[in-house]
1. For the range 130-248, which whole percent of the accessible surface, found with a 1.4 angstrom probe, sits on carbon and sulfur atoms?
2. Taking 0.36 nm per intervening residue step and subtracting the Cα-Cα distance, what contour gain separates Phe49 from Tyr200 on full extension?
3. I'd like the orientation of helix 406-420 relative to the chain: the angle between its Cα long axis and the longest Cα principal axis, in ° from 0 to 90, rounded to 10.
4. Return an integer: the convex hull volume of the alpha-carbon atoms of the chain, in Å³ per residue.
5. Can you tell me, using C-alpha contacts under 8 Å and at least 6 residues apart, the relative contact order of the range 341-475 as a whole percent?
6. Using modelled amide H (1.01 Å from N, peptide plane; none on Pro or chain starts), what sits under 5 Å from the amide H of Val129, excluding residues fewer than 5 places away?
7. Going by Cα centres, the range 88-136 and the range 173-221 are how many Å apart?
8. Given a 1.4 Å probe and the protein chains all in place, what does the accessible area of Tyr64 round to, in Å² to the nearest 10?
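The values are calculated or read from the model by the stated rules, or taken from the named source; none is laboratory data. All values reported here derive from a predicted model rather than from experimental measurement. Accessible surface is based on the protein model in full, side chains and every heavy atom, while ligands, DNA and RNA are left aside. Shrake-Rupley method; radii C 1.70, N 1.55, O 1.52, S 1.80 Å.
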Amino acid sequence: MAAHQEKKVAQERKHKNTQNDIQTSQGQWGRAWEVDWFSLASILFLLLFAPLIVYYFIMSCDQYQCSLTQPLIDLLTGNKHLSDIWNKTPTLTYRAAGIYSLWVTFQVVLYMCIPDFCHKFLPGYVGGVQEGAVTPAGVVNKYQINGLQAWIITHVLWFANAYYFHFFSPTIIFDNWIPLLWCANILGYAVSTFAMIKGYLFPTNAKDCKFTGNFFYDYMMGIEFNPRIGEWFDFKLFFNGRPGIVAWTLINLSYAAKQQELYGQVTNSMILVNVLQGIYVLDFFWNEAWYLKTIDICHDHFGWYLGWGDCVWLPYLYTLQGLYLVYHPVQLCTANAVGILTLGLLGYYIFRATNHQKDLFRRTNGNCRIWGRKPEYIECSYTSVDGTKYYSKLMTSGFWGWARHFNYTGDLMGSLAYCLACGFEHILPYFYIIYMTILLTHRCIRDEHRCFSKYGKDWKHYTAAVPYRLLPGIF
Ligand code: NDP
């Protein structure tokens, strides 16, 4: 009887602790519960201006040979009115709507209906069903990793239809670029709005939802952590990887084809952009299982930021260099081309090696070798919503001992290489490096804020051991 009483008291105590832990961890780990005025102002700015920025860049190329200043000069001097620019902008067409619907449907079919076979014959490739990280509610989701296969099938069909069967022209994307922009916007807004409604009405996992009470913040940053339809259609994995990133290389190929059509040749700068960005895209799909452990999947909720961003921002602004080169076919001298290629490849090596080191370290729980030695690390712990305590490790050797985000540094070097390939005549192709610098610096700060909330004093020990963020000795 006494034993029974003791057990009951212990159970009640455990329940109380769990409730406290729920409040503590839900309140601290993951995206914010409360919105400060700066976040709100930034969000309103982005909601209002990000679609305009995309339109402005694409319109500048279409109507002003990629000059960013000329449209403004025309408007300020009264040479042109907004309505003149708008009236010259191609509208949504049935053809573009058809192409886009077919494209998205095809990517859904590849994602949902063809289980991965690449891992069966490609040594070292991790595909098929894989597990994601533990969510704040303590859930571990399963994902069907088949992006590499989707990329290969899509590209084989592209080449076959564009160059062998002549079913469509390889310039089809460039030729419909602005009408396709309207389609991408429709999908981006539709999916973000659907995700918001779903978060309220039928969330996949209610415990992993967050509501701030601020409509704009919730719409932008998302309510649901991992919205899904059925068991396998994961919004984050699908929208980030396909249609956006599969399209990236096709868009660049379409730009190269347009150069060929207009000038009778493809410049070395266009080849460089295609090759360097192609490596980046292929790397993404080769390492799609690793991607499950990145911030996008592990920490971000699915809202307009990811939904609209993946449908519009990524395919339209990450491909600006190729678009620019259609209007300005830059032929680089050999020394410049080799220098840019070296910078791009070095950046890629740092990016990949740093990410690989962390992945290996985490997968083996530190039982591996980094640069020929056993890795050094700091032990840390955190608590999930259900009160379970987890243990983790933060590596302090290899590239992770040089800076806390040396993977971002490599990414920035690669990004700079794409821009440099376009020469120095216009600022437009440099948007990417400016944007990536802001994105990754902000991401660094955001991630560190989250890690501090998650790990507390253990994170402080880590930042004392590795004091710099991106550049050892500087920042
Ligand atoms: P990271 O891969 O750097 O992941 C950060 C997480 O890793 C932290 O939240 C923490 O998670 C864990 N971590 C941090 N420090 C350590 C350490 N020392 N040892 C072990 N684990 C650690 O960041 P991202 O997910 O942002 O980026 C992944 C890659 O994607 C980067 O290379 C980035 O450049 C690229 N990227 C590209 C973008 C693009 O638009 N082209 C956009 C964003 C990213 P935990 O909670 O598990 O401890």
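1. Within the range 130-248, the accessible surface is 70 percent carbon and sulfur.
2. Net length gain for the segment: 51.7 nm.
3. 10
4. Details: hull volume 89.9 nm³, N = 475.
Spread over its residues, the Cα hull of the chain gives 189 Å³ apiece.
5. Values: 174 pairs, mean separation 40.8, N = 135.
Computed value for the range 341-475: 30 percent relative contact order.
6. Long-range HN contacts for Val129: Ile145.
7. That distance is 18 Å.
8. Number for this one is 20 Å².
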